[in-house]
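The values are calculated or read from the model by the stated rules, or taken from the named source; none is laboratory data. Bear in mind the structure is a predicted one, so any value in this text is a computation, not a measurement. Please note: Cβ atoms are built from the backbone with ideal geometry, for glycine as well, and neighbour counts cover all protein chains shown. Side chains included, ligands, DNA and RNA excluded: accessible areas come from the protein's heavy atoms. Shrake-Rupley method; radii C 1.70, N 1.55, O 1.52, S 1.80 Å.
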Amino acid sequence: QVRLVESGGGLVQTGGSLSLSCAASGRIYVINDMRWYRQAPGKQRELVARITRGLSTNYADSIKGRFTISRDNDKNTVYLQMNSLKSEDTAVYYCNADIRSDYYETSYTYWGQGTQVTVSS
């Protein structure tokens, strides 16, 4: 009964910007780590950025200095601001979150459905 829904993907030219968001809904007690992954055609899914509940962040080397992950704990939402986009950033972007639905329950990892980001030269 937990759902993650991404939005904000689309087509942008090289050097442009896009902002993604991912909202969690349903039976939520607490959300711990939230992450953005991406998967380009013919490649494995890779971790792009991670943010803890306490707002500590980690980034893949390929996007450091260009992408910023943030979250709003009150809205159960994670964001990814992507600047200076390159053609190699073209991929389906997925959000992912570790969520506990109840104080007594284990945390499970949930995935969104993905949103396409296409960067054209």
- For the chain, dividing by residue count, accessible area per residue (probe 1.4 Å) in Å² works out to 54 Å²
- Task: Please report, to two decimal places, log10 I(q)/I(0) for the range 74-121 at q = 0.19, 0.23, 0.26 Å⁻¹ as given by the Debye formula with identical point scatterers on the Cα atoms and no solvent.
- Result: -0.75, -0.92, -1.04
- Message: About the Cα centre, and with charges only on the beta carbon of Lys, Arg (+1) and Asp, Glu (-1), how big is the dipole of the range 1-65? Nearest 20 debye, please.
- Response: 160 debye
- Dipole magnitude of the chain about its Cα centre, charges +1 at Lys/Arg Cβ and -1 at Asp/Glu Cβ only, in debye to the nearest 20? 100 debye
- Item | Hull volume in cubic angstrom per residue (convex hull over the Cα atoms of the chain) | 95 Å³
- Query: For the chain, what proportion of DSSP beta bridges, expressed in % and rounded to the nearest 5, is antiparallel?
  - Reply: 90 percent
- Between Lys64 and Thr118, what length comes free when the chain is fully extended (0.36 nm per residue of separation minus the Cα-Cα distance, one decimal in nm)? 17.5 nm
